[in-house]
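Enquirer: Would you mind keeping the following structure in view while I ask a few things?
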Amino acid sequence: MKARTLLLLIILFSISGCEKIKLGETFKCHPGITYHVTSDLSFKITDVHDSRCPEDMICIWAGECHLDFTIKLADNIIDTLLYMNPVVENPYIFGNYNFSVLDVRPINGASSLKDITIKMLITDY
């Protein structure tokens, strides 16, 4: 009985930090959380690099925003960068999936990663 209870607790703790999203629907996510798309596909944003011009400023250069991104597809794991700028591999293709970064908020103004919200779309390739 104790073994079953312990196993149940381990399972609950292991899935409690993960969030499920739906393929083909836009969604909002945050750095540091593992998101599951299918039984074989999951991803995690490990860092955000944002040099975009703040909304209330006038800048010579618009800047850019990219995400440090870990994708797991079956037994394959890749660490890569996802860019919000459409010119530089947005969407990013891995396996049979397109990963698109649609928006990152706030623009160059978050004091910590937990304050950043990312809008994305993952579709079949």
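Enquirer: Consider only pairs whose beta carbons are under 6 Å apart and that are at least six residues apart or on different chains; among these, list those whose first residue lies in the stretch 111-124 and is closer than 15 Å to Phe27 by Cβ and whose second residue is aromatic (Phe, Trp, Tyr) and surrounded by 12 or more Cβ atoms within 10 Å (Cβ to Cβ).
Expert: Ile122/Tyr97; Ile122/Phe99
Enquirer: Among residues belonging to the stretch 108-125 that are hydrophobic (A, V, I, L, M, F, W, C) and part of a strand (DSSP E or B), point out the one that is surrounded by the fewest Cβ atoms within 10 Å (Cβ to Cβ).
Expert: Narrowing the stretch 108-125 to residues hydrophobic (A, V, I, L, M, F, W, C): 110, 113, 116, 118, 120-122.
Filter once more, keeping what is part of a strand (DSSP E or B): 118, 120-122.
Values: Ile118: 20, Met120: 23, Leu121: 16, Ile122: 24.
Going through the qualifying residues, I end up with Leu121.
This table checks each residue for (1) loosely packed, with under 12 Cβ neighbours inside 10 Å; (2) hydrophobic (A, V, I, L, M, F, W, C); (3) modelled with pLDDT of 90 or more; (4) under 13 Å from the mean Cα position of the chain (by Cα).
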| position | (1), (2), (3), (4) |
| --- | --- |
| Cys53 | no, yes, no, no |
| Asp79 | yes, no, yes, yes |
| Asn85 | no, no, no, no |
| Asn96 | yes, no, yes, no |
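Enquirer: Sticking with this structure for a sec: So, in the stretch 58-92, exactly how many residues are assigned to a strand (DSSP E or B) and within 18 Å of Ile21 (Cβ to Cβ)? Break it down stepwise before answering.
Expert: Let us first name the residues in the stretch 58-92 that are assigned to a strand (DSSP E or B), namely 65-73, 76-83, 92.
Okay, now just the ones that are also within 18 Å of Ile21 (Cβ to Cβ), so 67, 69-73, 82, 92.
Of the residues in the stretch 58-92, 8 are assigned to a strand (DSSP E or B) and within 18 Å of Ile21 (Cβ to Cβ).
Enquirer: List every residue pair whose Cβ atoms sit under 9 Å apart, with the two residues 6 or more apart in sequence or on different chains, where the first one lies in the stretch 24-38 and is within 11 Å of Lys119 (Cα to Cα) and the second, anywhere, is of a type outside the set (Gly, Ala, Ser) and in a loop (DSSP other than H, G, I, E, B).
Expert: From the stretch 24-38, the pairs are Phe27/Ile21; Cys29/Ile21; His30/Ile116.
Enquirer: Consider Leu121 against the criteria (1) out of contact with any Cys (no Cβ under 6 Å at 6 or more places or on another chain); (2) more than 14 Å from Val37 (Cβ to Cβ): it satisfies all of them except one. Which criterion is unmet?
Expert: (2)
Enquirer: Now, a different point. Can you find, within the stretch 26-47, the residue that is surrounded by the fewest Cβ atoms within 10 Å (Cβ to Cβ) among those that are closer than 21 Å to Leu81 by Cβ and in contact with a Cys (Cβ under 7 Å, 6 or more places away or on another chain)?
Expert: That would be Thr34.
The values are calculated or read from the model by the stated rules, or taken from the named source; none is laboratory data. Just so it is clear, the structure is predicted and the values come from calculations on it, not from any experiment. No Cβ is skipped: glycine too gets one built from the backbone with ideal geometry, and neighbour counts run over all protein chains shown.
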